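The values are calculated or read from the model by the stated rules, or taken from the named source; none is laboratory data. Source: prediction; values computed, not measured. Cβ sites come from the backbone with ideal geometry, for glycine too, and all protein chains shown count toward neighbours. The area values use the complete protein model at the heavy-atom level, side chains included, leaving out ligands, DNA and RNA. Shrake-Rupley method; radii C 1.70, N 1.55, O 1.52, S 1.80 Å.
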Amino acid sequence: MINRRQFLQISGAGAAGLLAGGLPSLVNIESARAASNPEGKFIPDLDIALKATPAEVPILPGNPTGVWQYQGHVIKGNRASLIQLERTYLGPIIRTHTGQKVRIRFTNDIADKTIVHWHGLHVPADMDGHPRLVIPSSETYVYEFEVRNRAGTYWYHPHPHGMTGPQVYGGLAGLFLVSDDEEKAAGLPAGEYDIPLVIQDRAFDNRNQLIYLSGHRMEQMTGFLGDWILVNGHPDFILPVATRAYRLRLLNGSNSRIYKLAWQDGSPLTVIGTDGGLLETPAQRGYVMLGPAERIELWVDFGRYPVGSETALVSLPFEGGMLGGGRMGRGMMGSGAALPNGAGFPIFKVRVNRQEEASLELPKRLSTIKRYRAKDAVNAGHPKRFNLVMSHMSWTINGRMFRMEQVDNDEKVHMNSLEIWEFINEGGGMGMMGGMNMPHPMHLHGKQFQVLERQGVLHDGYVDEGWKDTVLLMPGERIRILVRFGDYPGLFLYHCHNLEHEDMGMMRNYLIEGSAASV
Ligand code: C2O
Ligand code: CU
Ligand code: CU
């Protein structure tokens, strides 16, 4: 077994970032845009093959680790659209531009059923990776969609019902980056100064193989927690930087761990983006709470550090991360994890290793966000309410669990309509576990939404002013969001993105009704 000390120590010989070189810039992206197409046939600007396959990768010193991995290649289009990462289980970074038409031929090369979901992207229902669309081993699912999202840091991962947790944990995840002209005009650090950082926790046995849940129900109630923190698939990650400004794109790709992000030296975080892309203006936070599946983009100028110095991004300790509260008493249950949710630890180290004179100024304005207004919502007077409660030893939404095709009346919405949805994480529910309370990162498929208000807040580390597709509700909080349901009808999901909660059924369908012709 790995001991805590070993974990908490940051080795001086740690792995240099596989992405230390940053992202190569996309060339020829304009020329790759949609050609005119009189028949309306789908002609992709970018055609890629992607497979989920077993692989072995080095993670810890010694034996390689058996994982599942997304691997891909470009069939047609700009080769720079796929960035292969080396020495990691993470899938290739897919880079696109708003308006591009993308075809992805996904082949399942693992033994279990699977399907790929494009987290945060606005795509038609049959392109969204709903669990009813799973394919068995050795079959192929062809995705075709136009990238409609604004520039931002999106991602992809499996979505088979009941098995999303183990499949993501086993290595299946990758970033899906979108750029657009507005982002380009903002003048942000690019190329090698634009660094994606995927944060995940894992546990290993003494042969370096991944350990998932022991099968204990209480462990699933809390969610999986590993005692190794990996960045881009590496333990003890070190980011070498120059004395200049960087754009850091952080994804919490963990199954259930929440990070309370802060700079080790106490400098505030300068936030420039959230799940759905750039904020209007930069925001300062002493720390940021980042729940599973959420993204945050930071601006950081390492020009304030001398060459040779080091700093680190850390996760600060916090309360309320574990199963507890109510009648059972806070912290009494689910606290057996080696590194509990809410423990403090370093995430990665930054080493300032070279002088660079030229830098960039933090832009005053980053993008334009048209605010939705609560009074324009079709249900302004009676928001849809979703109580996050335990029922019959399972996490549920309003006491209901996922059924593959089931949609209740209050889960039906109309195309293009604007609604207020309220999520309530105040405990309650039925049975002996009724008073239990835990954080729940709530996610809607297919839409970026806006946060209208939050109540019962004990943390000031939320960045609610940008576009979001996942919102973290700590125990005692309730949140109202404004969501416009857009122009793709059909069945989509909303769920808790604690993947163990999702797998146990804390997920429901919502149905967008209406036909394209009627709008
Ligand atoms: Cu990352 Cu159903 O989503
Ligand atoms: Cu999603
Ligand atoms: Cu949950």
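A few comments on the model shown:
- Listed here are the strands (runs of 3 or more DSSP E) enclosed by region 431-489 that have at least 1 residues being open to solvent by 20 Å² or more (accessible area, probe 1.4 Å) and more than 16 Å from ligand 3 (Cβ to nearest atom): 450-455, 477-484.
- Residue match in region 303-314 (condition: at pLDDT 95 or above and surrounded by 24 or more Cβ atoms within 10 Å (Cβ to Cβ)): yes
- Count of region 154-199 residues, restricted to those that are of a type in the set (A, V, I, L, M) and surrounded by fewer than 19 Cβ atoms within 10 Å (Cβ to Cβ), is 4.
- Enumeration of residues in region 352-384 that are open to solvent by less than 50 Å² (accessible area, probe 1.4 Å) and within 30 Å of residue 237 (Cβ to Cβ): 352, 356, 363, 366, 367
- Filtered by the rule that a residue be farther than 30 Å from residue 255 by Cβ and among the hydrophobic types (A, V, I, L, M, F, W, C), region 153-195 gives 185, 186, 188, 190.
- Within region 148-168, the residues that satisfy the criterion of being farther than 18 Å from residue 135 by Cβ and either more than 16 Å from ligand 3 (Cβ to nearest atom) or within 13 Å of the chain's Cα centre (by Cα) (or both) are 148, 149, 150, 151, 152, 153, 154, 155.
- Taking the criterion of being of a type in the set (Val, Ile, Thr) and open to solvent by 30 Å² or more (accessible area, probe 1.4 Å), the only residue of region 490-519 that qualifies is 519.
- Scoring residue 516 on the criteria (1) within 16 Å of ligand 2 (Cβ to nearest atom); (2) at pLDDT below 95 leaves a single failure, condition (1).
- Residue in region 135-153 that is within 17 Å of residue 274 (Cβ to Cβ), at pLDDT 95 or above, open to solvent by less than 20 Å² (accessible area, probe 1.4 Å) and touching a His at 6+ places or on another chain (Cβ under 7 Å) present: yes
- Any hit, region 450-460, residues being within 20 Å of residue 251 (Cβ to Cβ) and at pLDDT 95 or above: yes
- Taken together, the residues in region 289-318 that are within 22 Å of the chain's Cα centre (by Cα), over 24 Å from residue 164 (Cβ atoms) and of a type outside the set (A, V, I, L, M, F, W, C) amount to 2.
- Failed criterion for residue 215 (all others in (1) out of contact with any Phe, Trp or Tyr (no Cβ under 8 Å at 6 or more places or on another chain); (2) at negative phi; (3) not in a strand (DSSP E or B) hold): (2)
- Test: residue in region 406-421 that is touching a residue at least 40 places away in the same chain (Cβ under 8 Å), crowded, with 21+ Cβ neighbours inside 10 Å, under 30 Å from residue 213 (Cα atoms) and more than 16 Å from the chain's Cα centre (by Cα): no
Quick grid of which residues meet (1) assigned to a loop (DSSP other than H, G, I, E, B); (2) in contact (Cβ under 8 Å) with a residue 60 or more places away in the chain; (3) surrounded by fewer than 18 Cβ atoms within 10 Å (Cβ to Cβ):
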site: 55; (1), (2), (3): no, yes, yes
site: 63; (1), (2), (3): yes, yes, yes
site: 69; (1), (2), (3): no, yes, no
site: 86; (1), (2), (3): yes, yes, yes
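- Any hit, region 229-251, residues being out of contact with any Phe, Trp or Tyr (no Cβ under 9 Å at 6 or more places or on another chain), open to solvent by 10 Å² or more (accessible area, probe 1.4 Å), in a strand (DSSP E or B) and modelled with pLDDT of 95 or more: yes
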